[in-house]
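Enquirer: Here's a structure for you.
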Amino acid sequence: MYLASFSKEQKELFLDLIIFSMSSDGAVDNREQEVAKRYCNEMQIQYRTTSNLASYVDVLRRLKDISEESDLKKMTVELVALMYADDNFADEEDELLKCLQSKFGFDSHLMGEIIFSSRHLLLSLHMLENVTR
């Protein structure tokens, strides 16, 4: 939804973040992979399964250095949607989001709004799928 306007470096780093998120709990769900592939199509980059950086902390730090706050918010919305795609929000994903909040400098109110809005968007999309079947 928001990813096409990012720079090439932002897109590749966001994919790194996706990879860390998907594998954080030790199992990559097919639904997460589908979302990740859709994101890559939207960004017009090649899907890959290994990160170019050693840790998500490195990814977050670099994204913070090269991105506007509005871009960081958009990435967070998309990342939260990915995290909830498998209907299983793991403790490791929560830790990643806490680190993201700290590195991006988001206050708890903003983070709560992003998570709330993203989850409700996903619920609405699921409802629309059911209505249009």
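The values are calculated or read from the model by the stated rules, or taken from the named source; none is laboratory data. Keep in mind that this is a model prediction, so the values were computed, not measured. Quick note on the areas: whole protein, heavy atoms, side chains included, nothing else; ligands and nucleic acids left out. Shrake-Rupley method; radii C 1.70, N 1.55, O 1.52, S 1.80 Å.
Enquirer: On average, how much accessible surface per residue is there in the chain, in Å², for a 1.4 Å probe, leaving out ligands, DNA and RNA?
Expert: Per residue, the chain has an accessible area of 56 Å².
Enquirer: Hey, which aspartates and glutamates would be in cross-link range of residue 37, C-alpha to C-alpha under 17 Å, not counting anything within fewer than 8 residues on its own chain?
Expert: Within reach: 12, 16, 29, 78, 86.
Enquirer: Ranked by accessible surface with a 1.4 Å probe, highest first, in what order do 99, 40 come?
Expert: Of 99, 40, the descending order of accessible area is 99, 40.
Enquirer: Tally up the carbon and sulfur contribution to the accessible surface of the chain as a whole percent, 1.4 Å probe, everything protein left in place.
Expert: Its accessible area is 50 percent carbon and sulfur atoms.
Enquirer: Right, something else. Which value at 222 nm does the chain reach when only helices count, each DSSP H run of 4 or more adding -39,500 (n - 2.57), with the total divided by all residues and rounded to the nearest 500 deg cm²/dmol?
Expert: Per the formula, -23500 deg cm²/dmol.
Enquirer: Roll a 1.4 Å probe over the protein heavy atoms and report the accessible area of residue 42 in Å², nearest 10.
Expert: That residue has around 50 Å² of solvent-accessible surface.
Enquirer: Output ³J(HN,Hα) for the range 68-81: one whole-Hz value per residue in order, computed from phi by the Karplus curve 6.51 cos²θ - 1.76 cosθ + 1.60 with θ = phi - 60°, and x for Gly and Pro.
Expert: 6, 4, 5, 5, 4, 5, 5, 4, 5, 4, 5, 5, 4, 4
Enquirer: What figure, in Å² to the nearest 10, do you get for the accessible area of residue 119 with a 1.4 Å probe and non-protein molecules left out?
Expert: The accessible area comes out at roughly 110 Å².
Enquirer: Moving to a separate point now. Could you point to the label whose value was computed as volume of the Cα convex hull per residue in Å³ for the structure here, given (1) 128; (2) 107; (3) 96?
Expert: (2)
Enquirer: Which of the lysines could a cross-linker bridge to residue 103, judged by Cα under 23 Å and excluding same-chain residues fewer than eight apart?
Expert: 8, 11, 64, 73, 74
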